[in-house]
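Since the structure comes first, as structure tokens, the remarks are kept for the end.
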Amino acid sequence: MSSFNVILTADYEVWGNGSGDVRKCVIEPTNEMIRIVENHGARLTIFLDVCELWAFEQEELKATFSADYKPASLIKDQLRSLVQRGHDVQLHFHPQWLNYKKLSDYQWNLDMRYWRLPEVGTTNDQELNIDALFTKGVATLRELFKDIEVDYQTNVFRAGAWSIQPEKEILAAMVKNGLAIDTTVAPGLKYDDQRTKYDFQKAPMSKQSWKIHDDCCVENKNGGILEIPIATAQIPFLMRLYFQLLKIPGLISKSARNNEVVDDSYRRSYPITRSILKLINDQRKMLNFSDGTVSAEMKYIFKKRLAELKSLEGEGIPIVAISHPKTFNNGQQLNSFLSWLNDQSMVSFGTFQDYIKTDK
């Protein structure tokens, strides 16, 4: 009989335009996530936006922050503590931070030309290229955790805003820098708002993972990277409407616990008519335990993913869930979902490091 390993992941960052207080957007909600998952015997795999961290580190060195605000130090202290407790930290890029101007403690002017990672490959700057980015990212994580684990393993990557395509150069850089797994793909999903762009519609739906070479959605048995996708599921319109209605009594907010300026350009450019069309037309959703997602929806997507994988045989088949601390305000719903998972005899919790060690 097959067993399944739920990997809970969190993309660890402030808002995409640079706004937000690290304490409110990252540190505090991550602490709340950790409290809940540890109560259920689970651990997080955190995807650290190292590009953002580098900017914070530079400005701390220049002493441009207010005396009581040290975002890079807060981030590093929290992550070191979490790794000591068995949580996992892996690599994540939001390259718009590579060319920044600090406006205030909580507001930055970022270079949106590099919102999508592939755009970094279009520059002639020898220090601003995809291979150099991965080399520096791997070195950053090893340096951050070397006092905890001498040869800390950076094996896994997720692209910021899921915008990994075209991915040939990115996958080659991952192989060159020793990464083994990508977990960017959300099978069946497609999105393009002129900034964020991805198309995962041709990705396999019934595979737990697949080897890739130059296309993250196409299996290539000789590929050097293993794609372990984010779990998604088809949700009919009436079920999506039902899940939305469940949010009303509890007043579950999709906003972060952040009283600073947030990136609301998405909402401003998304009129009510388009929001209605999105509700009607979007047929597939990620297994997301932030963004105000209710437990009933998490369970629904998880069951659907199990049904897609039911023909597979093996132990520890991975099912990846995603979240963002900056939009985590539904702790009771996560608690209910994890309680339910603990009651499922064929389900356990793990991290990507656990998966890699078991797979060997």
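The share of accessible area on the stretch 32-189 that comes from carbon and sulfur is 47 percent, using a 1.4 angstrom probe.
Backbone amide hydrogens, once placed in the peptide plane, bring Ile317 within less than 5 Å of Ser3, Phe4, Asn5, excluding anything fewer than 5 places away on its chain.
Counting only Cβ charges, +1 for Lys and Arg and -1 for Asp and Glu, the dipole size of the stretch 1-110 around its Cα centre is about 120 debye.
Glu308 sits with roughly 50 Å² accessible to a 1.4 Å probe, with DNA, RNA and ligands left out of the calculation. Note on the stretch 141-229: with charges restricted to the Cβ of Lys and Arg (+1) and Asp and Glu (-1), its dipole about the Cα centre is near 200 debye. Each Lys and Arg contributes +1 and each Asp and Glu -1, all at the Cβ; summed about the Cα centre of the chain, the dipole is approximately 1040 debye. With contributions of -39500 (n - 2.57) from each DSSP H run of at least four residues, the per-residue ellipticity at 222 nm computed over the chain stands at -10500 deg cm²/dmol. If R0 is taken as 35 Å, the Cβ-Cβ distance between Lys168 and Ile356 corresponds to a FRET efficiency of 0.90. Which shape class applies to the stretch 94-210: rounded if a/c is under 1.5, otherwise prolate when a/b exceeds b/c and oblate if not, where a ≥ b ≥ c are the square roots of the Cα gyration tensor eigenvalues? Oblate is the answer for the stretch 94-210, as a/c is 1.5 or above yet b/c matches or exceeds a/b. Between Ile248 and Met205, the contour length at 0.36 nm per residue exceeds the Cα-Cα span by 12.3 nm.
Could you please state how large a percent of the accessible area of the stretch 291-360 is carbon and sulfur, counting protein chains only and using a 1.4 Å probe?
That share works out to 41 percent.
Cross-link partners for Lys70 among the aspartates and glutamates, with Cα-Cα distance under 14 Å and sequence neighbours closer than 8 places in the same chain left out: Asp21, Glu52, Glu57, Glu59, Glu60, Asp105.
Counting only residues at least eight positions apart within a chain, or on another chain, the aspartates and glutamates with an alpha carbon under 12 Å from that of Lys247 are Asp291, Glu297. Looking at the chain, the accessible area is 45 square angstrom per residue; that uses a 1.4 Å probe and ignores ligands, DNA and RNA. Cut-off 18 Å, label point 7 angstrom out along Cα-to-Cβ of Arg142: give me the residues of the stretch 77-114 whose amide nitrogen falls inside. In the stretch 77-114, the label zone of Arg142 (backbone N under 18 Å from the point 7 Å along Cα→Cβ) covers 89-92. DSSP beta bridges confined to the chain are antiparallel in about 30 percent of cases. Shown for the stretch 24-124 is the translational diffusion coefficient from the Stokes-Einstein equation, using the Kirkwood radius over Cα pairs, a temperature of 20 °C and a viscosity of 1.002 mPa s: 142 µm²/s.
Here the spin labels are modelled as points 7 Å beyond Cα on the Cα-Cβ line, and at Phe237 and Ala63 they lie 6.2 nm apart.
The values are calculated or read from the model by the stated rules, or taken from the named source; none is laboratory data. These numbers come from a predicted model, not from an experiment. For neighbour counting, all protein chains shown are included, and Cβ atoms are generated from backbone atoms with ideal geometry for every residue, glycine included. Areas reflect the complete protein model, heavy atoms only, side chains present, ligands, DNA and RNA absent. Shrake-Rupley method; radii C 1.70, N 1.55, O 1.52, S 1.80 Å.
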